[in-house]
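Enquirer: Before I ask anything, let me first share the structure, which is written out below as structure tokens.
The values are calculated or read from the model by the stated rules, or taken from the named source; none is laboratory data. The structure displayed is predicted, hence computed values, not measured ones. All Cβ positions, glycine included, derive from the backbone under ideal geometry; neighbour counts span all protein chains shown.
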Amino acid sequence: MATKRSVGTLSEADLKGKKVFLRADLNVPLDDSQKITDDTRIRASVPTIKFLMEKGAKVILASHLGRPKGVTPKYSLKPLVPRLSELLGVNVVMANDCIGEEVQKLAASLPDGGVLLLENVRAHASTEGVTKYLKPAVAGFLMQKELDYLVGAVANPKKPFAAIVGGSKVSTKIGVIESLLAKVDILILGGGMIFTFYKAQGHAAIAKKLAEITAKGVTTIIGGGDSVADVEKAGLADKMSHISTGGGASLELLEGKTLPGVLALDDA
């Protein structure tokens, strides 16, 4: 896969006063009272948003949340606005839809450095179509980091190269396992038979061990919703090399698949 151009290559002249459409992943877990229970994905998007704000861009932020079939209030992005506003230091404007005349008016009235959050775009499935209309199309800092670690980890790994693959959905891991088998020195698989040991040791013990080996120079990439949440709860997220928020897309990247949304970006 060719190296992709990053948002960091854009200057203030490229961005000041310009409307920038930023497709982020703000798919955070919410409890029954619509409170955010883990804001990792929001915080991971902040550096790119702040970079654009500081360059005077008008940031139009889009994300999906959950898997609603059509417009469902339960999956509105409105509960994210207070936390986003707090992290960015500005009042984030919330649209009631992701398309239409109202959205166009809100985007037109956005000041330089302002942020507009569109409503859930899950129904609009394409990640690559929009890049045909907006140029330049570049990777944000989070995507660039994901690509650097996930592609680099497999293409040019430090030796010895070990991979640990676990999770409950084995069917989604077969391709990853087959791809990694030809590249790793050690492949460790987890599954139902080791849950007893997990319970005895506790997730914190595993996180602490990963933090220890990271400090010794081992590259540690944590992926998967439950794994990320456990590392966050242990207070050790900043001790890992990289916390991957890419979900299933990250696994496809490790499997060697081409992601349409990444392929559509401008080459560096």
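Enquirer: Take ASN120 and decide whether it is free of Cβ contacts under 8 Å to residues at least 24 places away in the same chain, assigned to a loop (DSSP other than H, G, I, E, B) and in contact with a Ser or Thr (Cβ under 8 Å, 6 or more places away or on another chain).
Expert: On the way: free of Cβ contacts under 8 Å to residues at least 24 places away in the same chain: no; assigned to a loop (DSSP other than H, G, I, E, B): yes; in contact with a Ser or Thr (Cβ under 8 Å, 6 or more places away or on another chain): yes.
Taking the combined requirement at face value, the residue does not satisfy it.
Enquirer: Checking the condition modelled with pLDDT of 95 or more, closer than 14 Å to MET143 by Cα, among the basic types (Lys, Arg) and surrounded by fewer than 20 Cβ atoms within 10 Å (Cβ to Cβ), which residue from ARG5, ARG43 passes? Explain how you work it out, then say what you get.
Expert: Values: ARG5 fails: modelled with pLDDT of 95 or more.
Only one candidate passes the filter, namely ARG43.
Enquirer: Take the range 46-96 and flag every residue that is of a type in the set (D, E, K, R), buried (at least 17 other Cβ atoms within 10 Å of the Cβ) and either under 19 Å from PRO136 (Cα atoms) or not assigned by TED's automatic domain parsing to the domain that holds LYS18 (or both).
Expert: Those that are of a type in the set (D, E, K, R), buried (at least 17 other Cβ atoms within 10 Å of the Cβ) and either under 19 Å from PRO136 (Cα atoms) or not assigned by TED's automatic domain parsing to the domain that holds LYS18 (or both): LYS50, LYS55, LYS58.
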